[in-house]
Structures are given as structure tokens and as C-alpha cells.
1. Shielding of A:349-357 by partners, i.e. mean partner chain Cβ atoms within 10 Å per residue?
2. Starting from the Cα of B:Asp87, step 7 Å along the direction of its Cβ; do the same at A:Ala411; then give the gap between the two resulting points in nm.
3. Calculate the translational D of the stretch A:326-452 in whole µm² s⁻¹ from Stokes-Einstein, where the hydrodynamic radius comes from the Kirkwood formula applied to all Cα pairs, the temperature is 25 °C and the viscosity 0.890 mPa s.
4. What FRET efficiency would be calculated for the residue pair B:Ser114, B:Glu159, taking the C-beta separation as r and a Förster radius of 51 Å, to the nearest 0.05?
5. I'd like to compare A:139-145, A:379-385, A:215-221: which one has the highest average count of other Cβ atoms within 10 Å, and what's the full order after that?
6. At q = 0.14, 0.16, 0.22 Å⁻¹, what log₁₀ I(q)/I(0) does the stretch A:503-544 have when each alpha carbon counts as one equal point scatterer in the Debye sum?
7. Could you please tell me the mean projected area of the C-alpha convex hull for the stretch A:185-270, averaged over all directions and given in square nanometres to one decimal?
8. What longest region of chain A stays clear of GluC sites (Glu not before Pro) that DSSP places outside H, G, I, E and B and that have at most 15 other Cβ atoms within 10 Å?
Amino acid sequence: MIDVGRWALLIGFIVNVYALLAFVVGIRNGERKSIESGKWALMASLVMSSIGMAVLTYLLVTSDFSVRYVAAYTSSDLPLLYKVSALWAGQSGSLLLWFWTLSLFSVVTVFWPQRDAAGLIPHVGAVLAAIAIFFGYLLAFVTSPFEQLALPLREGQGLNPLLQNPGMVIHPTTTYLGYVGFSVPFAYAIAALINRKADAAWIRVTRRWTLAAWLFLSIGIIYGAQWAYVELGWGGYWAWDPVENASLMPWLTGTAFLHSVMIQEKKGMLKMWNIFLIIATFLLTIFGTFLTRSGILASVHAFGESSLGVYFLGFIALTLALVFWLVVSRKEVLAQENGFESTLSRESSFLVNNLLLVGGAFAVFWGTVFPLISEAVRGQKVTVGPPFFNQVMVPIGLATVVLMGICPLIAWKKSSLGNLKRNFFYPSVSALVFAITGYIAGLTSPGALVSFTVSFFVTATIFLEVYRGVRVRRRMTNEGTLVALYRLMARNRRRYGGYAVHLAVILMVVGITGSSAFHTEKAVSLNPGETVEIKDYALKYEALEWRREGRKEIVFADLIVSKDDETLGILRAEKVYHPGSDQPTTEVGILGGLQEDLYVILAGWEKNGKPASFKVIVNPLVAWLWLGEYLLIIGTVFAMWPERRALHSTAWVADRMPVTALAGRAER
Amino acid sequence: MNRTVLCAKTASPAVTTVGLVTIAVLSMAVFLGLFLPVAGISEAASPNDVRSVTSQLICQCGCTMVTSECQCSWAEQARADIGAKLDDGMSPRDILLSYVDLYGETVLAAPTKSGFNLTAWITPFALIFLGGILIYVALRRWVDAGVFGNDPGQVIAAEIGEDEIKRYESRIEEEMKRYI
């Protein structure tokens, strides 16, 4: 069985080499048969990688400890769910997951191409095959998940207790779907460059791929934060760890790309910039993988030091060189078709949006690699941690949020100051009133006041846009408000899905601000029967107890929670001792709600829990982060959903409003 | 019958105002980012605030978290030690320097704002600022070289024929069908 897996990966590498050659020959000689052969070779790659995944899954589930990977990441008593998810717990297994996902996306892309870009498929297939060759090579020759131990072990080392959480099923898989998903628009961009067809066709064709990749990466990032919040037991959700940063960077450039492609679609502009963005996004996904596997930066997420870093650096360098050559040799096709008519327009505001998003990505990149730069320049390593990133990214983030409110209200092509005054008067005045009211009510923290005011401003502009749209539609169709709202959104899913996503981001900003600026905590030692008070809560420590669950030993403390003299329930905080692990994991007690989370950590104890030490935290508004996540998913899916065709006939339109009258209105 | 559509180039004072406002906003972002708090090792917001001191130190247990968040024994001892030092009247700055003496510069959770380390803080904002100026300059060039000629403020009349009007009308009808 092990040999089957090993051979499957070797053949998977070989068929991708064949696929690349077949596509290249087919393109050069105009041979349709070669191109078809290349496509089926990609299918063969999918079959081989699927066999590899199936074999590794079988070995993990059957606890075959003769395989190094199985012994390193599982144990015989590990629950089935975690035996399966251990497939991506380690270096080579996660590379196999990447290879398989890439093979799957490659097959979908070449066998079900969109009509507009069918001519690009051979080149797209070649690029995807080239990427798969890299990963296939690593799996076949450098880091095989089927490496066998000289002597099989009787028992495995088990899965890191921190990974034994349902989040292990969702977070890595969605993050990888996001990373690998960006390979497809990247391949189309390269194909468009090679073919000297840098018009908006490749963007239209890849729009849903890009959105889907962005959505999965968003889910991966936010769900990872949620998992950290409930599992790591420090009361936070984002630590600016290098591997966390590595996922944020392509997310930021991918967001910039999603916005700026609208300009190329509408006006044929920013072609070179869009090519740059998608290449940067793709390379940042590879860079993130490099960071996780090279060991050059300390991270709790890293797989540890290995020689893979050199391979990834080489791949990035080679890709950069090829792309640079392509762009320079084809720069004439990247010339703009149109100009800007005004410096004050939605197009120009998108440029500022891109500047901030790409600037933010650079800031994260710069902070992540600065320890290496410092060591190289002055021989002294430094740490770049949360204080740096919070201080740098908060103003950039806030400025980006402000733009979220401004951009949609600026007209395409040209806006005047008069337009701006009309569009922004109500949101600006209401935001000012909000700020003054908030300050008087006690919201005196400058950062929080600015953040909440900006969030309010953006929310007001979004609702104003929706209100105006509904009002115009009601005037034209005499529909009821709800019907008009539904049809307004259904007829323009991209726009209103985008607004929903913006609103989701606002929810997350509010959650981040609340939980950061108004976080309250207390570290206490309590004897049984004693009470700690924090904000409006009183927590009475009952007792410290012990129980066994399988091979785990659990020490737990129950605290009776009351608020305003009303008993709310019992919170349980635990320390879990896993066999083979020196350090226990922390299971926190959380009493969550829309307004705040009450979060209890069992920090330590003396004999018999007399006393026991606790860290008690009140995290305001943190639930808004997770709400924002769900709204982001809904908004993105809505934006991706195919739009309905028009339901009404010309006669219906003509009955309700003469076209000449509409033409007259349009002229104005 | 031909109709005349009047087009006017954006007035120059509005452009200049927008450019100045853009630069002012970006400058404010740089200011806020760099100078709050002050250069060098930051002073704690409150002299007796253990958390604000420990949040500037990286835990030495290998977790890569700040000391205020980690629950390991090193972090606990550090918090107790720092609390005691603050109670003894030691300033947050001196406490941080004492940890640097013990553990090296890597114990600080962020680079200092001096010497070469200042480039860590300045570079992102400098690049955004430069990018803003580049965008503004490029926009001005694109607008000046665009559809409406080189004379700002000049009103240019464009003639459109009946065929073009019919094309616009049918496009409006199509978009009405599509979006309404």
C-alpha cells in the first residue's frame, strides 16, 4: 500500500511534466491532439494525487506506524476525525493536500473553460502544470509522506493537542483552497500576457475563481482567529504571528485586485497594475508556504526547520524572473485604452484604495521580514511583534475603512465638489453627531472614538446608497419597499453583495475595536467559596476537581457566574493533560453574547485548589467579529451568484416610461 | 438633427483642493502612526500598569506571544517581577532596559524607534506617502493628456448624430430591462 502511494506521487509528477510538454508542443505547432493530451495528463495528475491522498488517509486511519508521517502525527487512540485531519498536520501531508487541490482546480479549469477565454486554455493548462511540477517534485523526491521508518514504532507520537479541535478540519482546508485558488487567475494572467491579449476577457473569466479563492482565504483567516480565541486560552484572536501575517498579505493584495479589476473591466485601464496584483497575490501565497516550512522565522504555526525553504525561494525567484521578462517583452499590450477624465472620480478613489491595501500588505511583509533584515544589516536580530503591527496597521486600516465609505458615493468618470457635498452631507453630519454624542456618553478613548465614528460613517453611506436605490426604483415601478429592495439587490448582485461585504468588514472593525480598547482583565487567586468581581459580573469559585477522559487527564474548576445578583450559570475552565505532552492545553470557559464575552482561564493551582489562580477577562463586542465573518460569506456568495435575466419585455418598459424621456434624463 | 452635448473639464481649483486634502490625510496617517507613542522604548500609559509594560516584552518560553498574554511560568514570574519593580518606583523604561540587559534586544516586542530600527517604522508610511504623490502626479498627467484637451476650463462642444442618439436610447432601454 505504501508503495502504491509512493508510485502515485512519482507518476503524478511525471504526468505533469508530460502535460507541460504536450501543451507547449500543441501551442507551438497548433496541434489540437497535443493539447487534448495535455488536458488528460492533468486529469491523470488528479487521479494520481487522489490515490496518494487515499493511501495516506488509509495509513493514518489504520495507524500504520511503520510510516514516519503516521507515527509523527497520530496515535492509535486518536479520534477518527483527527486521524483524517492529521493528513494536513505535517509538512509533506499539507504539500500533498496542496498538490491534490491544484490538480482538481486544473482539471476543472481546462475541462470546463468559459467560452470567452477558450483560446487561452492551452497556456493556462501549461502554467498550472508548471506549478504542479514544482509541488510534485517536492513530494516525489524531497519530502515524501510515505517515508518509512527503519523500525516501525509500536505507538505514534499523537497529534499536537492544540490541533485536536474541529477547527483543524476547517481552517487549514479553507486556507489552502484560498491559496491554491489564486493559481487559476494567475495562470490566466500569464496566458493573457503570452497571447498578448491583456484585455478584460481574462478578468471576466476568472472573476468567480478570484472571488471564491478570496472567500476561502477569508474564511481560513477569520476561522483561524476564532479557533485561536477558543483554543489557545489567552483571550485574544490574532497575534501577528509570521504565519498569520503570511495569510493576511495575499488577502490584502487579493482584495486590491478584486477592486481594481473593475476599472479594467469598465475602462480598459490599469492592465499592468492588475497583472502585477495577481502575480503578487500568487507569489505571496507561495511566500507564505515558504515561511511555514523554512524555519527562518519563529512561529507557533510553523512546521519547523527544513530544507524546503531553498526550493520555495528558488521557485519564487524563477517565477519572478519569467514574469518580469513577459511583462517587459509585452508592455505594449498593457498600454491603457482610455484616460482618466478627472482626478476626482471613482476610478481615482480605487487607486487610493489600492495604494492603502498594497501599502498594508507591504507593511505586514516589511514587519515580518525585518528581523532578518536587521540581522543581515547590523548583525542584531530584533523582534517585530504586536506593538509594531498594531501601531502601523491601525491607521492604514482606518484610512481604508474611510475609503470604503467614500468610494461608492463618488461617481464614475467625474465628480465635482458639489456632488460630494450632496452625497456626503448626511453621513458626515450624522457621523459628527455620533462622535459628539459618544464622547459625551463616555467614549473618550481617542482610538476607539475614531474607529467607531468611521464605522458609523461607512454604515451610513451604505444605507444611504441602498435607500437611494430603493427610492429610485419605487418611483419607476411603484413597487412596495421590500419588493423594490429585493429586486434592486437581485438585479445587481455584484454591487449589493459588495456592500454586504463592506458591512461585514465594519462589523469586524467594531468587534476588533471593542475587544481591544475596552478589554478588562483580572488575575486572581481564589480559595473555594471566594468571589471575584469584574465589571458587572461576580464569579464564585466552587472547587477544583479532576476527571479522566480516555487517556487524557483533566483538571477543572467551576465558577458560578452572576450578574446584577442574577445567577447566569456555571463556567468551567480546564487544563487538559495529554499523554506524551509536557504542557497541558487550556480549555477556557466562555459566556458569550452580542455585547461581550466573559472569558475565564484556569491559570494554576496549589494543592487541592486552595487556592487556584484564574485570569478573568471581559471582551466587549468580540462576537461581532464572528458575525462579520458570516455576513462576509453571505455577501460574497451573493456577489458571485449568477444574475437573473431580465423578466420584463420592451412593452412593459415602454408602458411605464417613454424611452425618449429616459434619454433626455440620461443626457443630463 | 444633430444635437450638441456640452462637456466641461474639471475646474482646476477643485483638483488642487483634492490633491492637497489627499496629501494632508496621508500626512496625518504618517503622523499618527509614527509619533504616537514617542520614539525609543515606549513609556507605559500608567506608571503602575503591569500590563502596559509586559505587553512590550516577548515571552521567552518560545510561544512568540507578548508577556502580558502568555500563561507560562516565565510570563507569570515576569509579571510578578515587573509588578514588584513598579511598586518599588522603578520606571517602565528602566524595567524594559533591565530586561534588554538580561535577554538582549529580542526581548522587546517591537523595534526601538532609533537608529536603523527607525526604518522599520518609517518605511511603510514613507512608501504609502510616496505612492500617494505618484498617484496624484500620474492622475494629473492622465487627465491633462485625456479626452478634453490641454486648456483647463475650456468648454468643448461635441456633435452627436441621430444614429448615436438611437444607440443611446436602445442602450438605456436594454439597461432598464436588465436592471429594473
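Nothing in this text is a laboratory measurement; each read-out follows from the coordinates by a stated rule. Model, not experiment: these values are computed from the prediction. Positions of Cβ are generated from backbone atoms using ideal geometry, with glycine treated the same way; all protein chains shown enter the neighbour counts.
1. 4
2. If labels sit at B:Asp87 and A:Ala411, their model points lie 6.8 nm apart.
3. 134 µm²/s
4. It comes to 0.20.
5. Listed from highest to lowest mean packing, they are A:215-221, A:139-145, A:379-385.
6. Debye curve over Cα of the stretch A:503-544, log10 I(q)/I(0) at q = 0.14, 0.16, 0.22 Å⁻¹: -0.51, -0.59, -0.75.
7. Result: a mean projected hull area of 6.4 nm².
8. With GluC sites (Glu not before Pro) excluded where exposed in loops, chain A gives A:338-529 as its longest stretch.
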